[in-house]
1. Can you name the number of the only condition in (1) crowded, with 16+ Cβ neighbours inside 10 Å; (2) assigned to a strand (DSSP E or B) that B:Leu328 fails?
2. Can you name the residue in segment A:170-185 that is aliphatic (A, V, I, L, M) and within 7 Å of chain B (Cβ to nearest Cβ) and, of all such residues, is farthest from B:Arg50 (Cα to Cα)?
3. Evaluate the following for A:Ala153: is it more than 9 Å from every other protein chain (Cβ to nearest Cβ) and either in contact with a His (Cβ under 8 Å, 6 or more places away or on another chain) or surrounded by fewer than 19 Cβ atoms within 10 Å (Cβ to Cβ) (or both)?
4. Checking B:Leu27 against (1) within 30 Å of A:Arg176 (Cβ to Cβ); (2) away from chain A (no Cβ under 14 Å); (3) touching a residue at least 12 places away in the same chain (Cβ under 8 Å), only one condition comes out false. Which one?
5. So which of A:Leu135, A:Leu94 is more than 30 Å from B:Pro157 (Cβ to Cβ) and at pLDDT below 90?
6. Return yes or no: is B:Ala292 farther than 25 Å from B:Leu226 by Cα and either among the aromatic types (Phe, Trp, Tyr) or surrounded by 13 or more Cβ atoms within 10 Å (Cβ to Cβ) (or both)?
7. Could you grab me the full set of residues in segment B:66-103 that are within 7 Å of another protein chain (Cβ to nearest Cβ), within 21 Å of B:Arg50 (Cβ to Cβ) and either in a loop (DSSP other than H, G, I, E, B) or more than 29 Å from the chain's Cα centre (by Cα) (or both)?
8. Check off (1) more than 8 Å from chain A (Cβ to nearest Cβ); (2) part of a loop (DSSP other than H, G, I, E, B); (3) more than 16 Å from the chain's Cα centre (by Cα) for B:Pro40 and give me the number that stays unchecked.
Amino acid sequence: MKQSIWVRLWRWTIISFVAAYLLVPLYAMFDFSTKSFGLGDKGRNFRAWKMITEQTDLWPAITRSVITAAIVMALIIFLIVPTAIWVHLKLPALRRPFELLCLLPLAIPAIVIVVGIAPLYRWISINISESPITLAGVYSMLILPYTYRSLSAALDAVDIHTLSEAATTLGASISRVIFGIIMPTIKTGIVNGSFIAIALVLGEYTISNILNFKTFQVVIAQIGRNSGTVAVAVSLASLLFVILLLLIIPTKKRQGTVLDVDIA
Amino acid sequence: MSASAYVQLVDLAKYFGKVKALDGLSLDIAEGELVALLGPSGCGKTTALRALAGLQALDRGQMIVDGKDVTYQSANKRGMGMVFQAYSLFPHMTARENVEYGLTLRANKTAGDKRKARSAELLELVGLSTHANHYPYQLSGGQQQRVALARALAISPKVLLLDEPLSALDAKVRTQLREEIRRIQVELGTTTLFVTHDQEEALSIADRVGVMRNGRLEQIAAPAELYDRPNTAFVAEFVGLTNPIPGKVSGGSIEVLGGIVKTLPGSISLGSGLALVRPESLDVVASNSGDATVFSASFLGASCRLSVLLADGSRVTAQVPSPDAVGLHAGARVKVSLLDLPVFVKAVG
């Protein structure tokens, strides 16, 4: 009995530490964004929060970043996931080289990548589009290390060979095997990989800034230069939005099968 | 090659580097027949099954099913039902959805109601009607394999292929399920190829058992014939227990343990050889003048298994009906002789 009290105390101590670690910065952000800095102002006010709506640059930037994230998601689902499955299933000899290739973006500093692809993007903005959405191309490479790892772990956890053979003998084409059987099976891995990818797309600064694209994160940095409190308010708002998203999504489990389509 | 064969495998060969997985395997299966392929690991039995399923490309050979050459047909067009050794249910689908999966893929999409009726019928057949809406993780290993069987049968396969479907299950479930597989197979009349390394499994449910070795078929015969009249030393020793007892062969019989018995075809024809004698072909009688001694005796119920030390110092295993074993305790002096049944004789060494 005595021991259990200590164990419980210890447990709560750890939980409190972790909670403090996570919540104190959030509270600090809230505190800062509602502080009065003007002369004669007293107490708290929500001026910074109200000013969010007045940032004309912000909303288009959010839209652009969300569209970019959506495109990256689509690339993950229709290109990276099938490729990873294909490599695991049919080309086991290529697993090592493929993994190495996917890790490269992690090994090369962002600034080096930017210098490398800047001429390419100059060409793209002249000949194709000036839209920051074209950044989806670079981002889909940058996310590879994270996405591929979580996909690879998910693929290793299930016997995809037997599953694919079972589906094949029942009459499924290879695209049905990939999209109808294996992808729903490794759904958790895909969702995890996608979350990391979206976080990266919404947070990456170096590349979009140097290439002069006004994405969400670039605009926040700009706002921060004009008004610190507004920038912090925007950051906190977006953080809360993402946390809310994370809380909602996992509860939407087991509602019909995902992606049972034949694209062949 | 018989004209009536429903499945004909002709001279199948598959080499993985120097390893001969299949080395000229030929096999005919009649319609509605259950053939088991039995052999040690690496004998090529699974390769043969996978080749027939279309999951394994061959280096040589031809496969004909129901009069059609399927050698180069892709696996998803062959219409074979397969049950795998590893659990293979689709984890995101319920038992019923798993069973219906093959039907949803048919070219003329089976109508929803019909599909439902078919899956209900098959789940009933494997005794899992009450588990239709369970996900695989809610089912035991045995139940999962039953669903897998129902799923394979749902598409009314030309041939049912069973790749050691029972080897992941515990002994009791295994025995129960293998009998059920046989019942369902007979009921539906589905031509079946069953691969296993467990001889008891093969002998107990197959119409014919093929023993494979090094990518070839050593012998294929009904279970009793395979056991009583093996063609080769490998078959004799692989299927059931044998005691190698030295003797002298001449004129189609062998003199062994003071008696003379006929030799089986394929045995050596002259000189000294080793008779491969089944435990139940040995007659053990208590006798004070006997030159053998019971080393140990274990009671198995209907029969009694004896380990007997012969005069030459070698040890043999005999199995006698329990009523005859009274007094055959460890240390008893006995006389050992052969029952008058033909034996296979292999060369010494």
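1. Failing condition for B:Leu328: (2).
2. So the first thing to find is which residues in segment A:170-185 are aliphatic (A, V, I, L, M), and the list is A:170, A:172, A:174, A:177-178, A:181-183.
Narrowing further to those that are within 7 Å of chain B (Cβ to nearest Cβ): A:170, A:172, A:181.
On the way: A:Leu170: 14, A:Ala172: 17, A:Ile181: 21 Å.
Only one residue fits best here, namely A:Ile181.
3. Details: more than 9 Å from every other protein chain (Cβ to nearest Cβ): yes; either in contact with a His (Cβ under 8 Å, 6 or more places away or on another chain) or surrounded by fewer than 19 Cβ atoms within 10 Å (Cβ to Cβ) (or both): yes.
Yes, satisfied.
4. (1)
5. Values: A:Leu94 fails: at pLDDT below 90.
Testing whether each residue is more than 30 Å from B:Pro157 (Cβ to Cβ) and at pLDDT below 90 leaves just A:Leu135.
6. yes
7. Those that are within 7 Å of another protein chain (Cβ to nearest Cβ), within 21 Å of B:Arg50 (Cβ to Cβ) and either in a loop (DSSP other than H, G, I, E, B) or more than 29 Å from the chain's Cα centre (by Cα) (or both): B:Phe84, B:Ala86, B:Ser88, B:Phe90, B:Tyr101.
8. Here B:Pro40 clears every test but (3).
The values are calculated or read from the model by the stated rules, or taken from the named source; none is laboratory data. For clarity, every value in this text was computed on a predicted model and none was experimentally measured. Using ideal geometry, Cβ is built from the backbone for each residue, glycine included, and neighbour counts are taken over all protein chains shown.
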